[in-house]
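Participant: Please see the structure below; I have some questions.
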Amino acid sequence: MTNFITPDGLKEFEKELKERLEKRRKIAQAIKSAKEQGDLSENAEYSAAKAQQRENESRINWLVCVIDKANVVEKKGQDHVELGCLVDLARENADDMTVQVVGTHETDPANGKISHQSPLGQAIIGKKKGEAVEVETPNGKEKYQIKDIK
């Protein structure tokens, strides 16, 4: 599977990886300190540090995989919707909205970042300003018109 990602998304993942690698050292120190307290079977600090370590290492592994396999896509223009574009949409029965079309790993709907593979993302990719699309949602079909592409 191709791992499309925007340049900004790649920077964010690289920043998070750096932070997590630094956090790794702090967790290792916490584990060392907890071990020095003696009996590990009833040591809550040790258990908590080990749980943090598992979560952190899992995320580090995921980030390394995403970064290593990233296919960075630069947007080429603003005449049609493509990965990385900010798109202003008018909705038929709701407030207008702005979304950024991003790769699957960057998806964050609460912050307006939608995957190019989502139903809305698929509907607007390749479309031009002024074009309308219809998307099947859990609440039924919704109509959108592309007001602007940035």
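Participant: From the list VAL133, VAL81, VAL87, VAL101, which one is surrounded by 14 or more Cβ atoms within 10 Å (Cβ to Cβ) and more than 22 Å from ASP8 (Cα to Cα)? So that I can check it myself, show each step before the final result.
Facilitator: On the way: VAL81 fails: more than 22 Å from ASP8 (Cα to Cα); VAL87 fails: more than 22 Å from ASP8 (Cα to Cα); VAL101 fails: more than 22 Å from ASP8 (Cα to Cα).
Result of the check over VAL133, VAL81, VAL87, VAL101: VAL133.
Participant: Kindly establish whether ASN61 is touching a strand residue (DSSP E or B) at 6+ places or on another chain (Cβ under 9 Å) and under 30 Å from GLN122 (Cα atoms). Give the steps one after another, and end with the answer.
Facilitator: Working: touching a strand residue (DSSP E or B) at 6+ places or on another chain (Cβ under 9 Å): no; under 30 Å from GLN122 (Cα atoms): yes.
Against the criterion (touching a strand residue (DSSP E or B) at 6+ places or on another chain (Cβ under 9 Å) and under 30 Å from GLN122 (Cα atoms)), ASN61 does not qualify.
Here is a yes/no grid of residues against (1) loosely packed, with under 11 Cβ neighbours inside 10 Å; (2) at pLDDT 95 or above; (3) within 26 Å of the chain's Cα centre (by Cα):
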| position | (1), (2), (3) |
| --- | --- |
| LEU21 | no, yes, yes |
| ILE31 | no, no, no |
| GLY38 | yes, no, no |
| GLU42 | yes, no, no |
| GLU45 | no, no, no |
| ALA49 | no, no, no |
| GLN52 | no, yes, yes |
| GLU55 | no, yes, yes |
| LEU63 | no, yes, yes |
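Participant: Could you go through segment 69-80 and let me know if any residue there is under 30 Å from ARG25 (Cβ atoms) and not in a strand (DSSP E or B).
Facilitator: Here is the first cut: in segment 69-80, the residues under 30 Å from ARG25 (Cβ atoms) are 69-70, 72.
Now restrict to residues that are not in a strand (DSSP E or B): 69.
Yes, the conditions are met somewhere in segment 69-80.
Participant: Those residues that are closer than 24 Å to GLU14 by Cβ, free of Cβ contacts under 8 Å to residues at least 60 places away in the same chain, in contact with a strand residue (DSSP E or B) (Cβ under 6 Å, 6 or more places away or on another chain) and assigned to a loop (DSSP other than H, G, I, E, B), I need them from segment 104-130; list them, please.
Facilitator: Of everything in segment 104-130, those that are closer than 24 Å to GLU14 by Cβ, free of Cβ contacts under 8 Å to residues at least 60 places away in the same chain, in contact with a strand residue (DSSP E or B) (Cβ under 6 Å, 6 or more places away or on another chain) and assigned to a loop (DSSP other than H, G, I, E, B) turn out to be THR107, GLY112.
Participant: Please identify the pairs in which a residue from segment 25-38 that is not assigned by TED's automatic domain parsing to the domain that holds GLU57 has its Cβ atom under 9 Å from the Cβ atom of a residue that is surrounded by fewer than 17 Cβ atoms within 10 Å (Cβ to Cβ) and at pLDDT below 85, counting only partners at least 6 apart or on another chain.
Facilitator: none
Participant: With the condition kept exactly as written, say whether any residue in segment 87-98 is within 15 Å of ILE5 (Cα to Cα) and either over 13 Å from the mean Cα position of the chain (by Cα) or outside the structural domain of ARG25 (by TED's automatic domain parsing) (or both).
Facilitator: Of the residues in segment 87-98, the ones within 15 Å of ILE5 (Cα to Cα) are none.
Within segment 87-98, none of the residues are within 15 Å of ILE5 (Cα to Cα) and either over 13 Å from the mean Cα position of the chain (by Cα) or outside the structural domain of ARG25 (by TED's automatic domain parsing) (or both).
The values are calculated or read from the model by the stated rules, or taken from the named source; none is laboratory data. A quick note: this is a predicted structure, and the numbers were derived from the prediction, not measured. Cβ atoms come from the backbone with ideal geometry, glycine included; neighbour counts cover every protein chain shown.
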